[in-house]
Structure formats: C-alpha cells, structure tokens
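Colleague: The structure that follows is given in the form of structure tokens.
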Protein chains: 4
Amino acid sequence: MIGIGVIGLGYWGPNIVRNIADCDGAQVVAASDLRSDRLAAIAARYPGVRTTADAANLIRDPRVDAVVIATPVSTHFELAMAALEAGKHVLVEKPLASSCEQGRRLIDAAATRRLVLMVGHTFVYTGAVRKIAALVRGGELGDLYYYDSVRVNLGVFQRDVNVIWDLAVHDLSIMDHVLPMWPSAVSATGMTHVAGRHENIAYLTLFFENRLIAHIHVSWLAPVKVRRTLIGGTRRMIVYDDLEPSEKIRVYDSGITVDSDPANVYELLVRYRAGDMWAPRLDATEALATEIAHFVDCVEHGARPITDGANGLRILQLVEAASESMASRGRLVEVAAPIAAI
Amino acid sequence: MIGIGVIGLGYWGPNIVRNIADCDGAQVVAASDLRSDRLAAIAARYPGVRTTADAANLIRDPRVDAVVIATPVSTHFELAMAALEAGKHVLVEKPLASSCEQGRRLIDAAATRRLVLMVGHTFVYTGAVRKIAALVRGGELGDLYYYDSVRVNLGVFQRDVNVIWDLAVHDLSIMDHVLPMWPSAVSATGMTHVAGRHENIAYLTLFFENRLIAHIHVSWLAPVKVRRTLIGGTRRMIVYDDLEPSEKIRVYDSGITVDSDPANVYELLVRYRAGDMWAPRLDATEALATEIAHFVDCVEHGARPITDGANGLRILQLVEAASESMASRGRLVEVAAPIAAI
Amino acid sequence: MIGIGVIGLGYWGPNIVRNIADCDGAQVVAASDLRSDRLAAIAARYPGVRTTADAANLIRDPRVDAVVIATPVSTHFELAMAALEAGKHVLVEKPLASSCEQGRRLIDAAATRRLVLMVGHTFVYTGAVRKIAALVRGGELGDLYYYDSVRVNLGVFQRDVNVIWDLAVHDLSIMDHVLPMWPSAVSATGMTHVAGRHENIAYLTLFFENRLIAHIHVSWLAPVKVRRTLIGGTRRMIVYDDLEPSEKIRVYDSGITVDSDPANVYELLVRYRAGDMWAPRLDATEALATEIAHFVDCVEHGARPITDGANGLRILQLVEAASESMASRGRLVEVAAPIAAI
Amino acid sequence: MIGIGVIGLGYWGPNIVRNIADCDGAQVVAASDLRSDRLAAIAARYPGVRTTADAANLIRDPRVDAVVIATPVSTHFELAMAALEAGKHVLVEKPLASSCEQGRRLIDAAATRRLVLMVGHTFVYTGAVRKIAALVRGGELGDLYYYDSVRVNLGVFQRDVNVIWDLAVHDLSIMDHVLPMWPSAVSATGMTHVAGRHENIAYLTLFFENRLIAHIHVSWLAPVKVRRTLIGGTRRMIVYDDLEPSEKIRVYDSGITVDSDPANVYELLVRYRAGDMWAPRLDATEALATEIAHFVDCVEHGARPITDGANGLRILQLVEAASESMASRGRLVEVAAPIAAI
C-alpha cells in the first residue's frame, strides 16, 4: 500500500484526493494547504488523513511514499524538488515547472535518485485522446497534413502567466502525445486586454520538418466554450469535440486525391472526396482515475510514466518558444530538439 | 431601364443573371462566356438575352450601360478596364483585381470617367453582416477586444491563388465593413499540401493601434464546414454562425469587469460576468439581390457604392500583406494606411 | 421523347417543370394554372412550352403523353381522372386524392387503360430514405421495436385539410416504404387552435401485429423546425435528421440484451449496450430529379412505379383512419388490410 | 439544527446526504440501507453519521427530526407512513407512493399530526423550470396552445413499473408546476418490448378544458438522449432543452396572427410571424441543494412545501389515468378534479 501526500487543495486537489481514495494499492495519508478551511473540509470527509498547513512537514512524513503537487505553477519547482530530495516519488500538476531550466533540474534530481517523476497532463489519459493516438500512430489517417485546436471560453484570468501557460499546455501535451513528430519552429501572436496583465488571447502556429502544420487558439475571453480539434491526413480526418456528451471523436473518410492531369502533364489535378463518418465508442473512465492508477503502478514497479518528466519538459520548451515569439508579434522562433530522456 | 451585360457564366454568373432579371429598373441584355454550353443554357432560359463568346463584343454593345464581371480573378483587371474605357459602369466579383497596382488603376479609370466601380463583396449585403455592423458601429459591444473568424471546409483547390485570395477575402471584407478601424500590421502562416500549388491552409493575425486583435483561419482541407466569427467587446460579445438556419447572430451580454483590488492598490481584479443571450431576427433577403439592386441604384443616381473600388483596394492591401508575411512564416508586415477614396 | 403537361404552377409546380426540362427522354410541352402571372413566368423561362389557363385543354393536347398534377388536394381526383380517361399517364402530387374511394377509382381507371399512375411521395426518392430502407429491409436493425417521427415547424395553416393530410403524409409514406409490415390499428389525438379550422397539431400512434409501435408528431405551430425520425431494432438503431446538412443518417450499434437472470429463472435481466455510431455517405441527388426520371422510365417501359397508385391508396387509408380516431380523441380505429395492387 | 435521517443510499441517496451536509441548519444524523457496502461508504465519508440496516431503527432515533426516503417506489408508502406515525417530517422521492389511495393516506397522516410532507419533484427546483413558470404564469406567452415534451434515452428498464412511473413523472410534475390549469382527460399509448415487463415506451396526450393540449413522449429505448419541451402560446413560445450546457431556455417571439379575411368575411386569415429569440441567464444552483434547503425551511417554520403531498397526489392521479388509458390502447380516460389540499 503506497502512502500519498497531496499538496494543494484548491480546485483540483480534492479531485486528486477522491481518486486516490478510490484507487486500490494507494491511500492518502496526508494533505496540505495554506488555507485552514480547505484542510477542515478534507479532514471532515477523510478522517484518516493527516492535515497540515506546512508542506515541508508533509514531505518529511515517513508514511508518505509519494507526493502529488496541485499548487500554483510558481511553486511547482520548489515543492517537487524538496519532495525528490526527501526521496519521495512525485506527480506534479501541469505544467511541470516555470521554465525549462527548472524542468531539467527536476528530471536530473529524479533520475539520480531513481524516483518516479510524472506530470499531470490529464487529457492524455482520457478515452478520447487515447483513441486518437491509436488511430494516428496506427496510420489510420495516412500522412499528416495538419493539427488544429481551439480551446476558448470565458474564464479566470490568471495573474502570473499568459494564457499559453494555462490553456495551450493542454493542447500541446495532447499534440505531443498524438503526433509522432516534433516541431521545428513556432510563430505566435496574442494580445492582453487588461493593463499590466499577460496575454489573454493567443494563436500559435507550429511548423514541422515535412508539410505538417499545427495551430492552437486559446482564449479566456470568448462568450461560448469551444474545445475542438481537427486532425487531417491523406487518408482520413478526425474531429475531436470534447464538449460532445457521447460522440467526442468523429472519423471522416474524407480527403483529397492528387493525380496527374491527363490534359497537361505538368499540372496536378486535386479532387476532394467525402465519405462515411464513424464515431467509435470511447472508454468513459474518469481520466484522473486512470492517471492516478498509472502513477501508483509506476511507483510500485519502478516504471517510467507515459507523461514523464521528459514529456513535461518538452511542453515547457514549446511554451517558452511560443511566448518568446508572441512577445515579438509572430517572429519565427526555432525549437531545439527535445532533451532526450535520461 | 439600365441594360446590363454579364461576363462569365460559370458557378456564380447564372445567379447574377437571375437576380438582374428579377430586379426592377434593370435588364440583362447580353451575356458572354468562352463555353458554348453555358451560353446555350442562358439563351434557352432567357431568350431576350444576346449571347456571345466575345467579351469585347459585349462591352461594345451600345445597349449595355453596365457590365458585371464574374470570371476567374486573373482576368478581372483587363475586362474591368476595357469596360470602363468603353464608358460602362462596372461591378466586378471579389477580389477586385490581382494586385493593389491594378486596383488603383481601376479606381482612377472609373473616377476620371465618373463611372460606378463596385466590387462584389456579397457578404456585406447579408442581413447578418448588416446587423453586426449596426451593433458594432452603434457601440453596442463597447470597445472592441477581438475579431476571430474561421472559414474552413473540404473545397476546390484553386489553381492560381492561395486560400487567402479565395476564402479570407470574405472575412477581410466583412471585417472591414464591421470594424471602424484599420489594421497596422499582419502576421500570417500557412502551408501547402500539394507540391507546386499555393497554400491551402492559412492563419492571419491582424494588429490594430489599440488592443484590438483580429485572426482569420481559412482552409480548403477540413472534413467539416465551419463559418464562425466571434467578436468581443467590453460590453457584449457576438457569435456569428453563418451555417445556422435561423439564428445566425447571437449577442451575449457577457464579458469581464476590471476593478482595483481593495487588498492591493497596485493590482487589478479581473472578474467575468455571463448574462442573457439574444438572437435578433434578420432580414432574409438573398444577399445578391440586395447587391444587384444597390449597384443598379448607384448607376441610376451616380452614387458611390458601399463596396466601392476603394473598399476593394483595401482588401487587396490586406491580402498582399498577409501573403507576404505567410511566405516568410509569420514575419510581421506593416500595413500602409488605406489609399483614400478619390 | 415523352411529352409532359404540368397542371399547377404554385410552389411546387415550377420545380417539376425545371426537373422535367433537365431530364433526358422527356420534355415539358404544356403548362396550366388559373393565374396568368404564373403562366407568364413559365412562358418567359421556357419559351417552347405552351401555356393555358384551361387544364382540360392541356389534357386534350395530343403532344401530351403524360400529365403531372401539382394542384390543391381537393382537385387531384377530378384532374387525374380526366387525364386517365383521356389516355394519359399520370403523376399526381401527394396525397393521391381526398379519400380512399377516390383513390380506388383512380387505380381502377389506370389499370383498365394500362396507364401509369404514380403519386409524388418525394421523400421516398431521397438518398436518405433509400439508405434507411436498404438497412431496415436488409435486416441490419434486427427485429423492429419502434418508428418515431417528429415533423414540426411554424408553417402555413392549410384551409381545407388537417395537419395529418399535409405533414403526416410524408411520414406515413416514408414509414410505408421503410417498414416491411402494415399497421393494424391507429389511435390519434390533436387540437385546432383557430376556430373553424382543422387540427393544426396531431399525434398518431400506429400499432402492428407484433410488438412494433409507430408514432408521428406533426404541427404547424412550433417555434423551431424539427425533422427527426428514430427507428429502433434489436440489433441497431437509426436517427434520421433531415435538417443535418451532411450526416442525415446515424446508425447506432446500441440496444438492449435480454437474458435469463441466473439468480431467478423466472426473471429476465435487461441490460443496455452502447456502441459505435456510423454515418453513411448518402446520394445527394435532388429527390425530385430521381422521381421524375423514375416516372419517365415507367411510362417508357410500362413499368409499375415504386410509389404507385396502390401505395398512394395505402397512405389514404392511414390518413382516414387517423383522422377518424383524432375526431374521437384517441379512440382506437382498426386499419383494414391494404387493398392489393391489381 | 434539524436532525435528518436518510433511508436509501443507492444512486440518489448519497447526493441527498451530501446536500444535507452542505446545508446550513440541518445535519445528517443517521443513514439506512439494506446493503452493508453502501453503509460503509457513507460511514467512511461522514464519520458522524450513524448507519443502520434497519430503517425502523433510524425512524425511532430521537435525534431524527425528519426523514428523507430514497428507496424503490414500492416501499415509499410504508416507510413514509411509519415516519409520519413516529412524528417525523418526511421528504419522499418521486413518485410520492404507488397509488392515489396511498398518497391520500399519507396526506391525511401528515395533516393530522401537522407534519411536513414533501415529494422530491427535483426539476421544480431547477433554475430553468422556475424561470419557465415565472414566464408562463406571468402571462409572457399569452394564452397557452400546447405543452410538448420528449424524455428518451437508452436507460435502465425498471422491473416493477412502466416508463410513465419512471420518466413521465418528471414531465408531469414540471407541467403541473408551470401550467395554471388541470387536464380533464388523457389518452395514452405504449408498448413493451420485453416479455413479462411493463411498457418501456409511452405516449401521453392530455386534454384541457380550453384548446390547450399536452403531449409527453418517454422511452428507455432510444439511441440518443433527448430532454426537450416546447411550450406554445398566443404571444411567445419556449424551447426548453435540458441538455444544453448554458442556454437551456429559448424564448421565441414567434406565433400566428388570426384576422378576418377582407375578401371573405366568413373566413379567417392565419399568418405566422417569426421574431427575435432570447435566452435568459439562469440560476445554476444545484436543484437538489435548493430542494433540501426548502425542505429544511418548511420544517423549521411549519410551512407548506411547493411540492407538497397534494402536489405528489396530483401527479399520481395523472399517472394512474394514463396507465389505465395505455392498457386499452388510447381509450380516453377522464381525470377527476385534483383532491384539494387540506
């Protein structure tokens, strides 16, 4: 039985606690937050859980084998590093840290101590994204043309980070999981509508070595909620609408065909074809339950998580490059090759 | 009774002929196309119309007071110039011409001869866009935050122009009509998926002097058809979905409020509010009927059209700047002030 | 080349004229209507067509081999009978006539003279309904549980007939084409909201010999347009939404399974299963073009139409039985076996 | 502080426990269920709650002031009567009991002892239904034409009751709350698709003294989930779609106008008008929280609940009448005047 301590009991933390409580092979032994009302609520519901306002205290607790961190981004690095240095496995909410530099140091710290370091890119554990990854990586779409995602709503303006750090991290982690390629450059634009704040609207274009192009649109300032991704290939195209109650993924047997023009050998004929649509039944298990079970399993067997530190670092690379491009209104920023997993 | 000659009887031309036939104060006197089957079809349906394969011949016809041009883009300039030089009023399909330089010369030619020059930005004449323009220019949205448009489908790959010239022209002309400001710079990205062809996917970001930002996504390679524009302001936000059968425009009484944080005078509090939604009833008149009637009216009274040559030229400026930026993967391209109408 | 005369040039008649004009092997030789403006419009567009206000005159015209009747329901019988007695083949708009008695006499008249008698149940010729019929009759749904259809909108209140005669005729003819069974009884309810007028809302339940049940809801008084049919069977279920632009038919691999309860041999366990969904690509040919071509083909080869007189009569039987039940607020009315085709 | 005992911890019971726990002025003191795993789950989460497999024991508990019953329908009467006889206030899940006779006896028992008897018609406490009731009863729709509701999905086949008892109870209780009139007769049809089970599809038509007509369609055997109600009046019409995430209610300024025909004084002209649509912002409070707070408030102040015993009995009257009609395939069954609240 693995003992877990949860740091951060705001919006997401209580969901983590609940899913650990429902997970075989693990139990919540301690929980920490700066606000006493949140600690009291957890204590009332889970009387066996020790609560403390002092995260360092939780980390030191010998019954704690692993720590889950669900605090504001700016604290991720310090808390995760403290936990690793105390010999504890770590699952940290997305994004992994506030910079690539921090991410690299966490990966090193975990590797040195042979500890599990996992990042909570929860969408990767949904039935929908797992199905998309199977279809794309299984070649069902043929060669890839584009990946286009929109994630907008009327949402909380974060104080300390731009909207890329908050929303685009979801799309980048899904894209990284689904696509078998790595972008070579990014051009991003955006705007802030509140003086002194970071950008609340952003548009990212990612270029790849071949003809694949990706685009991500994120905003905290839309009157309607949209969560829609289009993925096109030579053979098929996918529409992934996360707000659909039951048919989140639609696979279209549509595309273009390119032939030589019989009338002109130097010309190509481009025709389009529209075929059947198919919506596969998806696993409806709560993604966080799958994620927690995977973390517990990795801790137990010393395995490398799907969303490991290297994965978290790749997303930080893209976020940093995109933010740099956005600051200069679309200037192309090269993306270095991903730091290889140790 | 104004006599009109129609050049180009492909997809759009027959609609123009039908709408002129139904318009009081005008009649189709001649029609021209290079394909004899198209001429025969018009002759069969409209026995009073003279048909000819020779556009020059139609332009010379003394019964022709005005010429409507619905041919491929590359021929717009030559045909329109010939008609103006022959003293005929001109309505040319969008885009006005193949370059700003051509557009300028058409404007000059029309001004010199005091002839009407109009461009067929048909969306400007829809009930939906007219309502949006009235709301935005009437201040109902407050100060403007953003204009975001998506126009994608599985469509015909044009041979000679990129997708900006084909699809984004619609969005740019709607945006130009609706917004009371002019962009100062553009950053665009895109991709071609057929060797030797122009870009079939494009993303445009337009910057304005204040905090307003616009973005347009166009593609010929999407499995589903999307025609959706979001417009956000300090007071209200609009969702314009052109595929909705009856409620194309939805006005949301939603947005953000920005206050000083009482706990910290140097900080701002950003809160969002979500209110009622309202879908105004729209004029359902066919846009092309309104456009043709407006053209006839301008010819009759010597008035300047809403979508005059200067309007057509402004759109060409934006298309050229965006294509230039796209060629260098998002490099910011300044947009000059619009050439003033003479 | 078959010469056709069209009687009735209101809403639907001009569509018929256009489709005959585009049909190989047939031509419109004459057209008739009581209103001179409608005759003038046809004459202007189709100069080769003879126009007359006198339908009898058109029927007598020796160049007329077949007559298409698109007039108000109350005139169907008299016009169709006159045409048959004059030795002309007949296509009459739905419904076939104003009563079963009239329908029977038309069938007899056509049979005696070996003439084609066809009724314009146009939906039967759509790509969607043809696909549904193929799926249902091919056994893809298994045994049938139910057929449920909603056809409501804000529409024109007919003067002389209730809403069953106007709208439910569409559903009954689709149902009759799709289902391999005949109902044994009907219970219908409805209401009129305008004094002195027939019912503008109606609900029909049709019972079959086995456990199959059908229900049809029609109304001229709904704020939104709905055209949706659910068809359920033991193996699969279909949702047919005629307002969907591209995916009108969705086939769900969903249903229930019924097993013996291992804990209680006298009890059955009912479980439901939800599987993939599939939207087949449909033939998008205009239904009226297919219908006209079929009529011309039947005339040419002396074949029996899919929607022959017997089909038209079956629908009249159901409409009369439903109207009788509705008049007594749901009283069950037996439906006689369909009159066999001669 | 009011002490509450909850009987029945299946699907709905834990939600009740959670909402009482979050409600000021009340606390859960005891919970009962026949299954020990359910008791254990509650005990783990709410350590202060006494759990017992013996409902009679819970009812006797002197700390229990009020009992909430969330057990199968067949047990409602016995448990509620026992609680009332023990002097406890009662909130019983819908439907109130298994028959009108039982409902009447519960009302009498509560009245005699001056105890609160409330039925859990939860939809009545949603923001959507409260807004609809305000609009309809405030006259915004004018005179009422129709109430039409569809509630279908692929759902659990109940063992002991037909689908009217399970699903139509929701629609009938909403209708009863929203409409200011009482139906005079009902005609219902339905079908069972599993041998030995009750009807799993049902259609109810309810007639009122004036021209108002209501219809309810319920099913456990549809491939898609639908929760849609149309309400039409002389001035406006409402579409209530409970599955819409944010715009559950749409109010259409649409309808018909009836004038005398100037050409024929004995005829009426019926025209339809389509106007703006408006979607009011709704209170998004969880309905069960509002319901529990209302129950606690009624207990505290001796007030009569909105969904009191008389309300529960009215719904039973309609369910019994509809089931009787369904058994004889649509035969009209008169509905007696509602038993007046004591």
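Just so you know, all these numbers are worked out from the coordinates, no wet-lab data involved. All values derive from a computational prediction rather than experimental measurement. Note that we place each Cβ from the backbone using ideal geometry, even for glycine, and neighbour counts take in every protein chain shown.
Colleague: At 222 nm, what helix-only mean residue ellipticity would the protein assembly as shown give, in deg cm²/dmol to the nearest 500, using -39500 (n - 2.57) for each DSSP H run of four or more? Don't skip to the end; give the middle numbers.
Modeller: On the way: 36 runs with 414 residues, N = 1368.
For the protein assembly as shown, the value works out to -9500 deg cm²/dmol.
Colleague: Further, regarding this structure: Among C:VAL6, C:GLY127, C:SER36, whose Cα projects farthest towards the positive end of the dipole of chain C, with charges put on the beta-carbon of Lys, Arg (+1) and Asp, Glu (-1)?
Modeller: Of C:VAL6, C:GLY127, C:SER36, it is C:SER36.
Colleague: Taking other Cβ within 10 Å of each residue's Cβ, how do C:SER254, C:SER99 sort, fewest first?
Modeller: Working: C:SER254 22, C:SER99 14.
Neighbour counts put them in this order, fewest first: C:SER99, C:SER254.
Colleague: Just to be sure I understand the curve: with the Debye formula and one point per C-alpha of the protein assembly as shown, what is log10 I(q)/I(0) at q = 0.04, 0.08 Å⁻¹?
Modeller: -0.29, -1.19
Colleague: While we're on this one: What pairs from A:LYS248/C:LYS248; A:LYS248/D:LYS248; B:LYS94/C:LYS225; C:LYS94/C:LYS225; B:LYS225/C:LYS248; D:LYS88/D:LYS131 go past 24 Å between their alpha carbons? Walk me through the numbers on the way to the answer.
Modeller: Details: A:LYS248/C:LYS248 18 Å; A:LYS248/D:LYS248 21 Å; B:LYS94/C:LYS225 34 Å; C:LYS94/C:LYS225 21 Å; B:LYS225/C:LYS248 15 Å; D:LYS88/D:LYS131 32 Å.
With Cα atoms farther than 24 Å apart: B:LYS94/C:LYS225; D:LYS88/D:LYS131.
Colleague: Would you mind telling me which residue in D:ALA274, D:ALA168, D:ALA310 has the biggest mean-square fluctuation in a Gaussian network model of chain D, where springs connect alpha carbons within a distance under 10 angstrom?
Modeller: Of D:ALA274, D:ALA168, D:ALA310, the Gaussian network model singles out D:ALA274 as fluctuating most.
Colleague: Once you average over the residues of C:268-274, how many Cβ atoms of partner chains fall within 10 Å of each Cβ? Intermediate values should be presented prior to the final figure.
Modeller: Details: counts 6, 3, 10, 2, 7, 2, 5.
Mean partner shielding for this stretch: 5.
Colleague: Given the C-alpha centroids of the stretch D:154-199 and the stretch D:90-109, what is the distance between them in whole angstrom?
Modeller: With the stretch D:154-199 and the stretch D:90-109 each reduced to a Cα centre, they are spaced 17 Å.
Colleague: Take peptide B:42-49, look around each residue's Cβ out to 10 angstrom, count Cβ atoms belonging to other protein chains, and average those counts. Please report the intermediate quantities before stating the final value.
Modeller: Working: counts 0, 0, 5, 6, 3, 5, 2, 0.
Per-residue shielding by partner chains comes out at 3.
Colleague: Give me the base-10 log of I(q)/I(0) for the stretch A:95-155 at each q in 0.16, 0.19, 0.22, 0.24 Å⁻¹, Debye formula, one uniform scatterer per Cα, rounded to two decimals.
Modeller: Relative scattering, expressed as log10 I(q)/I(0), comes to -0.85, -0.94, -0.97, -0.99.
Colleague: Could you work out which residue, out of B:ASP283, B:ASP176, B:ASP242, moves most in a Gaussian network model of chain B, that is, has the largest mean-square fluctuation with Cα springs under 10 Å?
Modeller: In this elastic network of chain B, the residue with the biggest mean-square fluctuation among B:ASP283, B:ASP176, B:ASP242 is B:ASP283.
Colleague: Calculate, in whole percent, how much of the Cα-Cα pair population of the stretch D:65-135 lies beyond 21 Å. Let's see the in-between values first.
Modeller: Numbers: 716 of 2485 pairs.
When every Cα pair of the stretch D:65-135 is considered, 29 percent fall beyond 21 Å.
Colleague: Using only alpha carbon pairs under 8 Å that are at least six residues apart, calculate the relative contact order of the stretch D:1-111 and give it in whole percent. Please list the in-between numbers first.
Modeller: Details: 196 pairs, mean separation 28.1, N = 111.
Once divided by the residue count of the stretch D:1-111, the mean separation gives 25 percent.
Colleague: Given springs between every Cα pair under 10 Å in a Gaussian network model of chain A, which of A:GLY13, A:GLY190, A:GLY275 has the largest fluctuation?
Modeller: Looking only at A:GLY13, A:GLY190, A:GLY275, the largest GNM fluctuation is found for A:GLY275.
Colleague: What's log10 of I(q)/I(0) for the stretch A:161-300 at q = 0.10, 0.13, 0.19, 0.22 Å⁻¹, Debye sum over Cα points only, no solvent?
Modeller: -0.52, -0.83, -1.29, -1.37
Colleague: Mind giving me the FRET efficiency for D:TYR11 and B:ARG271? R0 is 35 Å, r the Cβ-Cβ distance, nearest 0.05 is fine.
Modeller: Values: r = 36 Å, r/R0 = 1.04.
Rounded to the nearest 0.05, the efficiency is 0.45.
Colleague: What are the label-to-label distances in nm, one decimal and shortest first, from A:ASP22 to the same spot in the other copies, with labels 7 Å along Cα to Cβ?
Modeller: Distances between equivalent label points, in nm: 1.6, 5.5, 5.7.
Colleague: State the volume of the convex hull built on the alpha-carbon positions of the stretch C:13-172, expressed per residue in Å³ and rounded to an integer. If you can, show how the numbers build up before the last one.
Modeller: Working: hull volume 26.3 nm³, N = 160.
So the per-residue Cα hull volume is 164 Å³.
Colleague: Taking 2.2 N^0.38 Å as the expected size of a compact globular protein, what ratio does the Cα radius of gyration of the stretch C:90-236 give against it, to two decimals? Don't skip to the end; give the middle numbers.
Modeller: Details: Rg = 16.5 Å, N = 147, 2.2 N^0.38 = 14.7 Å.
That works out to 1.13 for the stretch C:90-236.
Colleague: Could you tally the net charge around B:ILE292, taking each other residue with its Cβ under 10 Å from the Cβ of B:ILE292, Lys/Arg +1 and Asp/Glu -1? Don't skip to the answer; put the middle values down first.
Modeller: Numbers: positive: B:ARG18; negative: B:ASP22, B:GLU286, B:GLU291, B:ASP297.
Value of the local net charge: -3.
Colleague: Just counting partner chain Cβ atoms within 10 Å, what average do the residues of peptide A:275-282 show around their Cβ?
Modeller: Details: counts 4, 6, 10, 6, 8, 4, 8, 1.
Averaged over the peptide's residues, the number is 6.
Colleague: Chain D: D in µm²/s via Stokes-Einstein (Kirkwood Rh, Cα pairs, 37 °C, 0.692 mPa s)? Before the final figure, lay out the partial values.
Modeller: Values: Rh = 21.4 Å.
Value of D from the Cα-based Kirkwood radius: 153 µm²/s.
Colleague: Over the Cα atoms of the stretch D:54-102, what Rg and Dmax result, in angstrom?
Modeller: Gyration radius and largest Cα-Cα distance of the stretch D:54-102: 10.3, 31 Å.
Colleague: Here's something else I'd like to know. Can you list, shortest first and in nm, the gaps between the label point of C:ARG113 and those of its counterparts in the other copies, using a point 7 Å from Cα in the C-beta direction?
Modeller: Result, one decimal in nm: 6.1, 8.3, 9.8.
Colleague: Right, here's the next one. Grab the other residues whose beta carbon is less than 13 angstrom from that of B:TYR46, score K and R as +1, D and E as -1, and report the net. Provide the component values of the computation, followed by the final result.
Modeller: Values: positive: B:ARG18, B:ARG38, B:ARG45, B:ARG50, C:ARG45; negative: B:ASP22.
Once positives and negatives cancel, what remains is +4.
Colleague: I've got another one for you. Quick one: with label points 7 Å out along Cα→Cβ, list the inter-copy distances for A:PRO245 in nm, shortest first?
Modeller: Shortest to longest, the spacings are 1.3, 2.2, 2.5 nm.
Colleague: Please give the net charge around D:GLY5, taking every other residue with its beta carbon less than 12 angstrom from that of D:GLY5, where Lys and Arg add +1 and Asp and Glu add -1.
Modeller: Values: positive: D:ARG50, D:ARG60, D:ARG63, D:LYS88; negative: D:ASP33, D:ASP54, D:ASP61, D:ASP65.
Charge balance near D:GLY5 sits at 0.
Colleague: Size of the stretch B:250-342 along its principal axes in angstrom, Cα-based, largest extent first?
Modeller: Between the extreme Cα coordinates on each principal axis of the stretch B:250-342 lie 65, 43, 26 Å.
Colleague: Mind ranking A:68-80, D:292-304 by how tightly packed they are, going by the mean number of other C-beta atoms within 10 angstrom, highest first? Each step should come with its number before you reach the end.
Modeller: On the way: A:68-80: 20.9, D:292-304: 17.5.
Result, highest mean first: A:68-80, D:292-304.
Colleague: What's the whole-number percent of alpha carbon pairs in the stretch A:1-99 lying beyond 21 angstrom? Intermediate values should be presented prior to the final figure.
Modeller: Numbers: 1100 of 4851 pairs.
Pairs farther apart than 21 Å: 23 percent.
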